[in-house]
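These notes concern the structure reproduced below.
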Amino acid sequence: MINKNLPNIKNKKDRESEKMEKSAMSILNSLGFKSFDELKGKQILDIGSGRADLALAAKKRGVEIVCSDINNECFRKGVALGLDYRWFSGYNIHAEAESFDLVLSSGSIPMISWKRSQVIELLKEVKRVLKNGGEFRFGPGCLIASITDSNLSLEERNAYMRSTKEAKEKRRKISLEILQNYDPNITETLISSHTKYPTLYYTMKK
Ligand SMILES: C[S@@+](CC[C@H](N)C(=O)[O-])C[C@H]1O[C@@H](n2cnc3c(N)ncnc32)[C@H](O)[C@@H]1O
């Protein structure tokens with residue numbers, strides 16, 4: 001007989017696992033990957049991993065991702081979950097030069113860096129730890145610095161925050177200019193412009 005007073009632990013676990021899988025697939029797709037198979041056999045670093053949904057789902061499929069974050073709680077939880085989770089800022093990656101084939105960053109720096117100089121600082125640091133032939137994929141959307149650290153007046157800044165076609169195009173243009181000012185070969189891949197903010201990711205190769 002089922003005791004209805006006991007919490008259904010299995011279902012709760014299943015629900016959490018489903019949520020994690022859904023979030024991981026969404027992060028993976030937003031960075032332009034269709035499946036975890038594309039990550040197999042690579043040394044991968046994720047910057048600003050947060051809850052590490054991506055790494056947890058990857059681990060289930062035999063893909064190891066080194067996670068990192070400045071948030072100590074995320075770091076501690078990640079380690080407790082058996083992940084290779086490290087506690088450092090993306091501006092100062094605790095790794096030897098040329099350690100990784102692929103560096104990923106979703107919803108973290110450089111997207112959330114407020115200053116162009118910080119965006120460049122991060123790109124330089126990632127290039128240091130990338131192997132020759134390696135790549136950095138980051139997204140989704142435009143750089144915050146495209147608004148916060150530009151020559152725009154306050155009025156113009158507010159206008160560019162809107163979800164109009166013109167505002168989205170302007171932010172895309174300034175974001176790419178900031179990135180290509182550091183490395184002209186950085187590319188932008190648009191996934192959808194019908195979302196509130198453009199959904200896109202950037203690729204920097206070494
Ligand atoms: C919006 S969350 C994204 C988490 C995860 N990547 C995802 O897509 O679900 C942004 C994360 O970036 C981390 N973060 C912010 N600044 C950082 C920095 N300088 N270096 C590394 N991580 C940083 C935050 O602590 C947070 O966990």
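The values are calculated or read from the model by the stated rules, or taken from the named source; none is laboratory data. This one's a predicted model, so the numbers in the text were calculated from it and none came from an experiment. FYI the Cβ positions are ideal-geometry reconstructions off the backbone, even for glycines, and counts take in every protein chain you see.
Going by the conditions given, is K77 more than 8 Å from the ligand (Cβ to nearest atom), in a helix (DSSP H, G or I) and not aliphatic (A, V, I, L, M)? Before you say what the answer is, go through the steps one by one.
Details: more than 8 Å from the ligand (Cβ to nearest atom): yes; in a helix (DSSP H, G or I): yes; not aliphatic (A, V, I, L, M): yes.
So K77 passes the test.
So is G82 part of a loop (DSSP other than H, G, I, E, B), in contact (Cβ under 8 Å) with a residue 40 or more places away in the chain and on the phi > 0 side of the Ramachandran plot or not? Give the steps one after another, and end with the answer.
Working: part of a loop (DSSP other than H, G, I, E, B): yes; in contact (Cβ under 8 Å) with a residue 40 or more places away in the chain: no; on the phi > 0 side of the Ramachandran plot: yes.
So G82 fails the test.
List pairs: first in region 182-206 and touching a residue at least 12 places away in the same chain (Cβ under 8 Å), second exposed (fewer than 13 other Cβ atoms within 10 Å of the Cβ) and not in a strand (DSSP E or B), Cβ under 7 Å, 6+ apart or cross-chain?
K196/S163; Y197/S163; K205/N185
Could you grab the pairs with beta carbons closer than 6 Å, sequence gap of 6+ or different chains, first residue in region 148-164 and more than 16 Å from T199 (Cα to Cα), second one at pLDDT below 80 and of a type in the set (K, R)?
none
Name every residue in region 179-206 that is buried (at least 19 other Cβ atoms within 10 Å of the Cβ) and modelled with pLDDT under 95, in order of residue number.
Correct list: P198 only.
Quick one: S113 ticks every box in (1) in contact with a helix residue (DSSP H, G or I) (Cβ under 6 Å, 6 or more places away or on another chain); (2) in contact (Cβ under 8 Å) with a residue 60 or more places away in the chain except a single one, so which number is it?
Against the list (1) in contact with a helix residue (DSSP H, G or I) (Cβ under 6 Å, 6 or more places away or on another chain); (2) in contact (Cβ under 8 Å) with a residue 60 or more places away in the chain, S113 comes up short only on (2).
All but one of (1) more than 15 Å from the chain's Cα centre (by Cα); (2) within 16 Å of the ligand (Cβ to nearest atom); (3) within 20 Å of K206 (Cβ to Cβ); (4) not aliphatic (A, V, I, L, M) hold for W114; which doesn't?
Result: W114 passes all but (3).
Pairs, please: C-beta under 6 Å, at least 6 apart or cross-chain, first residue at pLDDT 95 or above and of a type in the set (D, E) and in region 90-109, second away from the ligand (no atom under 12 Å from the Cβ) and in a loop (DSSP other than H, G, I, E, B)?
Every condition considered, the pairs that remain are D101/K42; D101/Q43.
Looking at region 13-22, can you tell me whether even one residue there is touching a helix residue (DSSP H, G or I) at 6+ places or on another chain (Cβ under 9 Å), of a type in the set (A, V, I, L, M, F, W, C) and within 12 Å of the ligand (Cβ to nearest atom)?
Yes, region 13-22 has at least one match.
Looking only at residues in region 41-67 that are on the phi < 0 side of the Ramachandran plot, in a loop (DSSP other than H, G, I, E, B) and not basic (K, R), which one is nearest to the ligand (Cβ to nearest atom)? Outline the logic, then answer.
Filtering region 41-67 down to residues on the phi < 0 side of the Ramachandran plot leaves 42-47, 49, 51, 53-61, 63-67.
Now restrict to residues that are in a loop (DSSP other than H, G, I, E, B): 42-43, 49, 51, 61, 63-64.
Now restrict to residues that are not basic (K, R): 43, 49, 63-64.
Working: Q43: 18, S49: 5, V63: 16, E64: 17 Å.
Looking at residues that are on the phi < 0 side of the Ramachandran plot, in a loop (DSSP other than H, G, I, E, B) and not basic (K, R), I get S49.
Do we have any residue at all in region 23-46 that's surrounded by 17 or more Cβ atoms within 10 Å (Cβ to Cβ) and farther than 19 Å from R137 by Cα?
no
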